[in-house]
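What follows is a set of notes on a single structure, which appears directly below.
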Amino acid sequence: MPINLKHAEVLLQQLRVLVVDDNPFMRTIVRGLLNNIGVKSVIEAGDGIAALDKIHKETPDVVVLDWEMPLLNGPELVRIVRSPGMFPTPDLPIIMLSAHGEQRRILETVKLGVNEFLCKPVSAKALFERLISILLKPRASVQLGDYYGPAPRVPALDPEADAPDTEPPAA
């Protein structure tokens, strides 16, 4: 489905995004990228503990979260947020932003319940695409054993593999 850019622009302008990174320069970069794609309200936190406070007080719509931080790192923060019954907004969309793009790290973010993953250095286009995915194709939160987070994506089916045989059976 093609994205209606006008609709996307309106949605982005209404978003409140919390950027959590211990590096002030990186927060400035992400803020600039968000502003460039139309996000007008950007909140910042320098660590996971400050982020929890901002989530409670500022009620962001999306969190862009660094993996490595002092005091409370990204994965620890996700575990706290994804605690229904204990945390007030366990369905808060989270984009993990990390300089570590190894497959094991990406799989760990999926297991934590992160909505999207981005690798540093990040581009405005990639950030835009992830935000649009969260806004226009939201996934319901589910509890699966110890996991709480967005419902797993259903892999796209290979049209070749699932195409029925069109040739008549051999006689």
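The values are calculated or read from the model by the stated rules, or taken from the named source; none is laboratory data. These figures come from a predicted structure and were not determined experimentally. Heads up, the Cβs are rebuilt from the backbone with ideal geometry, glycines too, and the neighbour counts pull from every protein chain shown. Surface areas here come from the heavy atoms of the whole protein model, side chains and all, with no ligands, DNA or RNA. Shrake-Rupley method; radii C 1.70, N 1.55, O 1.52, S 1.80 Å.
Compute the relative contact order of the chain as a whole-number percentage, counting only Cα pairs closer than 8 Å that sit 6 or more residues apart in sequence. Before the final figure, lay out the partial values.
Numbers: 245 pairs, mean separation 29.5, N = 171.
Here the relative contact order equals 17 percent.
Sum up the lysine pairs in the chain that clear both bars: alpha-carbon distance under 24 Å and a spacing of 8 or more or different chains.
13
Helix 5-14 against the longest principal axis of the chain: what's the angle in degrees, Cα atoms only, rounded to the nearest 10?
It works out to around 30 degrees.
Quick check: the angle from helix 48-58's long axis to the longest principal axis of the chain, C-alpha only, nearest 10 degrees?
Value to nearest ten degrees: 90.
Averaged per residue, what accessible surface does the chain expose to a 1.4 Å probe, in Å²?
Details: 9970 Å² over 171 residues.
Heavy-atom accessible area per residue stands at 58 Å².
Have a look at the DSSP beta bridges in the chain and tell me what percent are antiparallel, nearest 5. Spell out each step's value before the answer.
Values: 4 of 22 bridges.
Antiparallel bridges: around 20 percent, rounded to the nearest 5.
At 7 Å along Cα-to-Cβ for each site, give me the label-to-label distance between Gln103 and Leu71 in nm.
Those two pseudo-labels are separated by 3.7 nm.
Using Cα atoms only, what is the angle between the long axis of helix 124-136 and the major principal axis of the chain, expressed in degrees (0 to 90) to the nearest 10?
Roughly 70 degrees between the two axes.
In terms of the Cα gyration tensor, with a ≥ b ≥ c the square roots of its eigenvalues, is segment 57-125 rounded because a/c is under 1.5, prolate because a/b exceeds b/c, or oblate? Intermediate results must be reported in sequence, preceding the final value.
Values: a/c = 1.77, a/b = 1.47, b/c = 1.21.
Prolate is the answer for segment 57-125, as a/c is 1.5 or above and a/b outweighs b/c.
Whenever you get a sec, compute what percent of the accessible area on the chain sits on carbon and sulfur atoms (1.4 Å probe).
Carbon with sulfur: 58 percent of the solvent-accessible area.
Give me the three principal axis extents of segment 1-60 from the C-alpha atoms, as integers in angstrom, largest value leading.
Largest to smallest, the principal-axis extents are 38, 24, 19 Å.
What's the extension gain from Asn36 to Lys125 if we count 0.36 nm per residue and subtract their Cα-Cα distance?
Separation in residues times 0.36 nm, less the Cα-Cα distance, equals 31.0 nm.
Restricting to DSSP H runs of at least four residues, report the calculated mean residue ellipticity at 222 nm for the chain, -39500 (n - 2.57) per run over all residues, nearest 500 deg cm²/dmol.
On the way: 7 runs with 69 residues, N = 171.
That comes out to -12000 deg cm²/dmol.
Does the chain come out rounded, prolate or oblate, given a ≥ b ≥ c as the square roots of the eigenvalues of its C-alpha gyration tensor, rounded meaning a/c under 1.5 and, failing that, prolate meaning a/b above b/c? Don't skip to the answer; put the middle values down first.
Details: a/c = 2.06, a/b = 1.61, b/c = 1.28.
Prolate shape, in that a/c is at least 1.5 and a/b is the bigger ratio.
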